Amino acid sequence: MAAASKLAGYSLAQADLLRRAMGKKDKEKMAKERKNFIEGCARTNKIPEKKANAIFDLLEKFAGYGFNKSHSAAYGVISYQTAYLKAHYPVEFMAGLLSNEINNTEKISVFVGECKRMGICILPPDINKSGLKFMPETVPGTHDAGAGITDPGYKAIRYGLAAIKHVGETAMESVIREREERGEFISLEDFCARLDSRIANRKMLESLVKSGAFDFVGQDRAELFGCIDDAVSASVAAQRDRLAGQVSLFDEATASTTSRKRLASRWSDHEKLSYEKELLGFYVSGHPLDAYATVIAAKNYRPISSLGELDDRAPFKIAGAIVQVEKKFTRKEGKPFAVVWVEDLTDMLEVVVWNEVYLKVSDSLAAGRVIEIRGTLDKREEVLRATAMEIRLLAPGRTNGANEESADARQEPAVLLQFSPAATGDELRQVRQILVSSPGRRPVQLLFDRANGNSLRLDAGTDFRVNLTPDVEEKLSRWLVTVKR
């Protein structure tokens, strides 16, 4: 193409115009370019008209496949490069991919699912550890010289602050700059005091608290949420005094190191998880289905991620949490029906609930509800969908509506791990690594002692059920409470 353009005295821009005209197969433009080409050949290189036509015929023929061929080759190279990076530098590759979609929570949710499939841990946002975008982070390991045990740690991805909804990238840049210049934040009040109140506004603080970015202070999120107004008011007053020249005796050295205690009703697990899903695109501290692990295991439901293996119109049975419900009416008869999005621990599925089924379960279709669906697949389009034939609500920890616990639950008592008020994030990550190294059927509960004398007990969730071998028991001995056999 370049050699032929030189024959006619074309510039590269003119040659590109010719190529695009050829690609469109526009006869009128092609005829015009043929005339220009032949005239250029004669004027520049004294090429006869017959020969110039023959050369142009070659160019025209090449245009039918050359452009597509070059694109295929270019994309082939890019595909190889990205596949290589994903295979050999998976954490760095996925961090870059997530950062590229930092303003698209739905895409982030999809990529987080891929990270889980690849065994990559996504660490929750932390105002003292997160970067602006998603960053690789090495979770430190442990070394026990006496036992001869060395845990090298593992690589994970830390959630980027700018990816949290309603906080703003510019504001988070200011937060990170302040942290790098003057050290980590020690409390919600300290955070507000060190930032301009126009940056640390209520809406941003609400999103940061709800998403868990202030969990490092050790207070319950609902309690911390109730302190936002006081923290903002104190910050505004302090900034106003500074502008007026009224500096306190100790200035900012006396900034509160702990957030004030406020009586607040704890958020339910559903509320807490809903906030995480809304602001981050995925669940961090658990999953709505954690409480249903026993009944889901007993019923042997099919994972949503495996439905694509079935044929079109194939029947299936799944269980999942309702993410979204759209209530509609049919065009002809105006009958009510719904489109429901349901997710399990593996994927999400769009399900159409037509009028006959909808009338039976309409009151039960609400976000957060956990349901069983019997239906048929619809694979006629690129996106997998389904039609519900039967829907029923599931009760947590029950099978067949019975009140007694399952045999598995009775046979596998919980492993209780106790943490002192001085427990650190690194300590929790160490415990997490031990648990995931030995997956099993025994549930794990975490007991956090607090300085005020109150204790907080949490279920670790189905992802951290453990096989308590003697080796694992030895590794957990520092936190392990007496184990029931």
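The values are calculated or read from the model by the stated rules, or taken from the named source; none is laboratory data. Only a predicted model underlies this, so the values are computations on that prediction, with no experimental measurement involved. Don't worry about glycine lacking a Cβ; one is built from the backbone with ideal geometry, like all the others, and counts go over all protein chains shown. Side chains included, ligands, DNA and RNA excluded: accessible areas come from the protein's heavy atoms. Shrake-Rupley method; radii C 1.70, N 1.55, O 1.52, S 1.80 Å.
Shape call for segment 164-239 from the C-alpha gyration tensor, a ≥ b ≥ c root eigenvalues: rounded (a/c under 1.5), prolate (a/b greater than b/c) or oblate? Rounded, because the longest to shortest axis ratio a/c is under 1.5.
Calculated FRET efficiency, VAL383 to LYS203, Cβ-Cβ distance, R0 = 25 Å: about 0.15 to the nearest 0.05. The H on the amide N of PHE134, modeled in the peptide plane, is under 5 Å from the matching H of SER99, GLY160, each at least 5 residues off or on a different chain. Averaged over its residues, segment 319-364 has an accessible area of 59 Å² per residue, based on protein heavy atoms and a 1.4 Å probe. If R0 equals 45 Å, the separation of the Cβ atoms of GLU49 and VAL339 corresponds to a calculated FRET efficiency of about 0.10. For segment 80-209, the fraction of 1.4 Å probe accessible surface lying on carbon and sulfur atoms is 52 percent.
Bridgeable lysines around LYS51 (alpha carbons under 18 Å apart, same-chain partners fewer than 8 residues away excluded): LYS6, LYS32, LYS35, LYS61. Computed about the Cα centre, the dipole magnitude for segment 344-396 is approximately 140 debye when only Lys and Arg (+1) and Asp and Glu (-1) carry charge, each at its Cβ. Cross-link partners of LYS155 among lysines, defined as those whose alpha carbon lies under 30 angstrom from its own and excluding same-chain residues fewer than eight positions apart: LYS86, LYS107, LYS116, LYS129, LYS133, LYS165, LYS210, LYS272, LYS277, LYS475. For LYS332, the aspartates and glutamates whose Cα falls under 17 Å of its own Cα, not counting residues fewer than eight places away in the same chain, are GLU356.
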